[in-house]
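Colleague: Sharing a structure below in structure tokens format, with a few things to ask.
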Amino acid sequence: MSNKLPSVTSDIPRDLRTFIDRLREVISSSGTDRFVTAQDLINGGLAGAGTKGELIPIKKGVIATPPAPKNLTATGSVYSVFVEWDNPTYYGHDYTEVYSGGTNVIGDAVLLGFTPGVNYVDTIGPQQSRYYWARFINTEGTAGPFNAVNGTLGQTGIEVEHMLEVLTGSITET
């Protein structure tokens with residue numbers, strides 16, 4: 001397929017001719033602003049042709065071993081703990097595993113779940129506390145180290161309605 005467009009020789013409105021000329025420049029250009037075709041991507045090794053004619057991306061680069069997550073925090077609300085960490089910046093990141101335990105012993109922690117993002121919500125109910133850890137997993141399934149040996153404590157708050165009932169009962173009795 002040729003990237004060259006033929007010239008238009010018929011009489012057409014000036015604004016349409018300007019548009020066609022600009023389009024021809026983009027398609028015919030050989031510079032960095034040129035039009036890129038599917039064949040260009042295949043020839044450049046960035047994609048392959050699928051069995052149905054679709055483009056299949058080819059991953060380039062070396063998949064990195066995941067580093068430890070940084071700046072993990074666990075912020076409590078009344079019913080949930082919001083666990084957050086810095087965005088991973090290594091090549092090949094897939095998701096983050098989040099672990100939790102009732103004690104500050106990483107060996108006793110259990111996998112809560114995983115997320116492709118930079119946060120996780122653990123709904124544990126009011127007046128609860130848990131320790132949290134996280135680790136990154138790359139696209140090859142390799143797990144990196146945990147964020148730390150010691151967990152990050154997350155605590156939920158007191159349920160106001162329950163406290164009002166307790167206080168009302170105490171006041172009424174006295």
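Colleague: Across region 142-168, which residue is nearest to S77 (Cα to Cα) among those that are β-branched (V, I, T) and part of a helix (DSSP H, G or I)? Quick ask: steps written out before the conclusion?
Modeller: First, pick out the residues of region 142-168 that are β-branched (V, I, T): 142, 149, 152, 156, 158, 160, 166, 168.
Still in the list and also part of a helix (DSSP H, G or I): 160, 166, 168.
Values: V160: 12, V166: 20, T168: 24 Å.
Selected residue: V160.
Colleague: Looking at F19, F114, F82, which is the one that is among the aromatic types (F, W, Y), open to solvent by 50 Å² or more (accessible area, probe 1.4 Å) and over 27 Å from the mean Cα position of the chain (by Cα)? Please lay out each step first, then the result.
Modeller: Working: F114 fails: over 27 Å from the mean Cα position of the chain (by Cα); F82 fails: over 27 Å from the mean Cα position of the chain (by Cα).
Exactly one residue qualifies, and that residue is F19.
Colleague: Same structure, new question: Restricting to region 96-111, give me the number of residues that are within 30 Å of I63 (Cα to Cα) and surrounded by 15 or more Cβ atoms within 10 Å (Cβ to Cβ).
Modeller: 7
Colleague: Can you report the number of residues in region 127-145 which are touching a residue at least 60 places away in the same chain (Cβ under 8 Å) and either of a type in the set (V, I, T) or open to solvent by 60 Å² or more (accessible area, probe 1.4 Å) (or both)? Step through it out loud before you land on a result.
Modeller: Start the filter on region 127-145 by keeping residues that are touching a residue at least 60 places away in the same chain (Cβ under 8 Å), which leaves 132-140, 142-145.
Next cut, either of a type in the set (V, I, T) or open to solvent by 60 Å² or more (accessible area, probe 1.4 Å) (or both) only: 137, 139-140, 142, 145.
Residues meeting the conditions: 5.
Colleague: Can you name every one of the strands (runs of 3 or more DSSP E) wholly within region 38-129 that holds 3 or more residues which are among the hydrophobic types (A, V, I, L, M, F, W, C) and either over 17 Å from G141 (Cβ atoms) or touching a strand residue (DSSP E or B) at 6+ places or on another chain (Cβ under 6 Å) (or both)?
Modeller: Numbers: elements: 47-49, 55-57, 73-76, 80-84, 93-101, 110-115, 119-123.
Per the criteria, 80-84, 110-115.
Colleague: Modelled with pLDDT of 80 or more, hydrophobic (A, V, I, L, M, F, W, C) and over 40 Å from the mean Cα position of the chain (by Cα) - does that describe any residue in region 51-72?
Modeller: Among the residues of region 51-72, not one is modelled with pLDDT of 80 or more, hydrophobic (A, V, I, L, M, F, W, C) and over 40 Å from the mean Cα position of the chain (by Cα), which makes the answer no.
The values are calculated or read from the model by the stated rules, or taken from the named source; none is laboratory data. Source: prediction; values computed, not measured. Ideal geometry is used to build each Cβ from the backbone, glycine not excepted, and the neighbour counts take in all protein chains shown. Surface areas here come from the heavy atoms of the whole protein model, side chains and all, with no ligands, DNA or RNA. Shrake-Rupley method; radii C 1.70, N 1.55, O 1.52, S 1.80 Å.
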